[in-house]
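The values are calculated or read from the model by the stated rules, or taken from the named source; none is laboratory data. Predicted model only: the values in this text are computed from it and were never measured. A quick note on method: Cβ atoms are made from the backbone with ideal geometry, for glycine too, and the neighbour counts reach across all protein chains shown.
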Amino acid sequence: MSIASEDDILRLVERFFPSGHPALLLDRGDDCAVLRPGGPLAVTTDIFAEDSHFRRRYFTPFDIGFKSVAVNVSDVGASGAVPVGLSIGLTLTGHEDEAWLSGFCEGMKALCDRFSLALSGGDLARSSLLNICVTAWGELPEGLPRGLCRGVAREGDVVFLAGEVGLARLGLTLLEKTSLPKECAEVKEAWPRACAAHLRPVPLAEEGVALGRFALHHDAGGRIGLMDVSDGLARDLPRLLASRQSGLGADIALTDDILPEEVLRYASGAGISTADFAFEGGEDYALVGTCPEALWPELAGSLAGFGRRVSVLGRVRAGGITLNGRKPACAGFDHFSR
């Protein structure tokens with residue numbers, strides 16, 4: 001079935017997302033959303049752009065909807081906030097039919113239901129490419145008004161990782177080599193975790209909330225730093241450490257025992273460095289953080305019940321970043337780098 005008007009799209013959205021929500025004082029549909037904040041809000045915005053962040057060749061409509069929400073929920077959780085709601089700006093090409101839009105909404109709804117998120121509203125427009133811009137917000141616990149942030153590390157602090165790195169880059173690498181649906185299906189079957197990490201990353205928001213609560217009760221000095229790994233450890237670690245301002249770096253060890261099996265298998269077959277591949281890869285949406293050495297055992301214990309790998313990557317020190325005892329081969333991905 002074709003979509004004849006903007007109202008058709010809005011009616012379809014209404015099938016998936018109720019207009020009212022406890023986080024909203026005004027039901028969706030007016031000029032502005034009116035929120036009901038229970039405390040300080042953490043707000044984030046991410047653009048999810050066709051042929052920059054995804055390709056329709058191997059992303060299903062469900063994947064596109066799912067990931068456009070996931071990348072924002074990941075940022076909210078990394079601040080220590082409980083994800084509450086989102087708004088969406090959507091440019092469509094005019095070629096999307098009801099089946100496509102339904103799949104897209106189903107993907108969004110899968111995460112909205114998981115985290116009980118309100119869809120407060122947004123905007124629709126037509127363009128030559130499909131682009132999704134999501135703004136999401138979450139509530140920070142009282143007593144933690146700034147949330148968990150970057151740039152709080154000191155020399156000797158532990159650098160830790162919750163989740164895994166390298167899988168999303170592997171999924172992207174493999175899927176980019178496909179051109180036919182059969183090839184895509186074969187790659188997804190042979191490398192299921194890597195493809196899932198790229199197409200449908202599950203944000204570690206619950207782990208971020210747990211770290212926020214831990215900081216509230218155990219870290220009066222505001223010494224726990226946290227961010228999600230969206231551009232890769234190579235790019236994100238200097239941001240976490242505020243290296244340009246602080247002059248801090250870290251000695252990082254990415255060893256085979258903490259890297260995913262599919263990444264190890266691929267790197268071995270391709271004859272490349274597993275550590276470099278995982279260190280440079282982005283869109284993992286793992287959590288990387290810093291904390292004082294004395295807090296580490298209890299902090300690690302607070303994450304033990306979530307079923308995610310929690311690893312010590314190294315220690316903070318003055319100077320640059322080393323990877324397995326040497327200077328990293330690459331500074332990581334940048335959208336605007338030449």
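Among residues of the range 162-179 that are within 23 Å of residue 204 (Cα to Cα), those with a beta-carbon under 7 Å from a residue that is hydroxyl-bearing (Ser, Thr, Tyr) at least six positions away or on a different chain give the pairs 170/266. The single condition among (1) over 15 Å from the mean Cα position of the chain (by Cα); (2) touching a residue at least 12 places away in the same chain (Cβ under 8 Å) that residue 67 does not meet is (1). Across the range 126-142, the qualifying residues are those that are modelled with pLDDT of 95 or more and small (Gly, Ala, Ser), and the one among them that is surrounded by the fewest Cβ atoms within 10 Å (Cβ to Cβ) is 136. You will find that of 68, 116, the residue that is surrounded by fewer than 24 Cβ atoms within 10 Å (Cβ to Cβ), modelled with pLDDT of 95 or more and either in contact with an Asp or Glu (Cβ under 8 Å, 6 or more places away or on another chain) or closer than 26 Å to residue 206 by Cβ (or both) is 116 and no other.
Among the residues of the range 145-160, those identified as in a loop (DSSP other than H, G, I, E, B) and surrounded by fewer than 22 Cβ atoms within 10 Å (Cβ to Cβ) are 145, 146, 147, 150, 151, 154, 155, 156. Of note, residue 338 does not satisfy the criterion of being at pLDDT 95 or above and either of a type outside the set (Asp, Glu) or under 30 Å from residue 81 (Cβ atoms) (or both). Within the range 281-303, residues that are touching a residue at least 12 places away in the same chain (Cβ under 8 Å) and not assigned by TED's automatic domain parsing to the domain that holds residue 231 reach no partner that is among the aromatic types (Phe, Trp, Tyr) and not in a strand (DSSP E or B) with beta carbons closer than 6 Å at six or more positions or on different chains. Taking the listed residues 193, 213, 235, the one that is of a type in the set (Lys, Arg) and touching an Asp or Glu at 6+ places or on another chain (Cβ under 6 Å) is 193, with no other qualifying.
For the residues 332, 305, 271, the requirement of being modelled with pLDDT under 95 and on the phi > 0 side of the Ramachandran plot singles out 332. Scanning the range 297-315 for residues that are buried (at least 16 other Cβ atoms within 10 Å of the Cβ) and assigned to a helix (DSSP H, G or I) yields 299, 300, 302.
Conditions tested, residue by residue: (1) under 30 Å from residue 321 (Cβ atoms); (2) in contact with a strand residue (DSSP E or B) (Cβ under 9 Å, 6 or more places away or on another chain); (3) among the aliphatic types (A, V, I, L, M).
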| position | (1), (2), (3) |
| --- | --- |
| 121 | no, yes, no |
| 146 | yes, no, no |
| 149 | yes, yes, no |
| 183 | no, no, no |
| 195 | yes, no, no |
| 201 | yes, no, no |
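The single residue among 173, 135 that is hydroxyl-bearing (Ser, Thr, Tyr) and closer than 19 Å to residue 260 by Cβ turns out to be 173.
Among the numbered conditions (1) out of contact with any Leu (no Cβ under 7 Å at 6 or more places or on another chain); (2) of a type in the set (Ser, Thr, Tyr); (3) more than 27 Å from residue 54 (Cα to Cα), the only one that residue 273 does not meet is (3).
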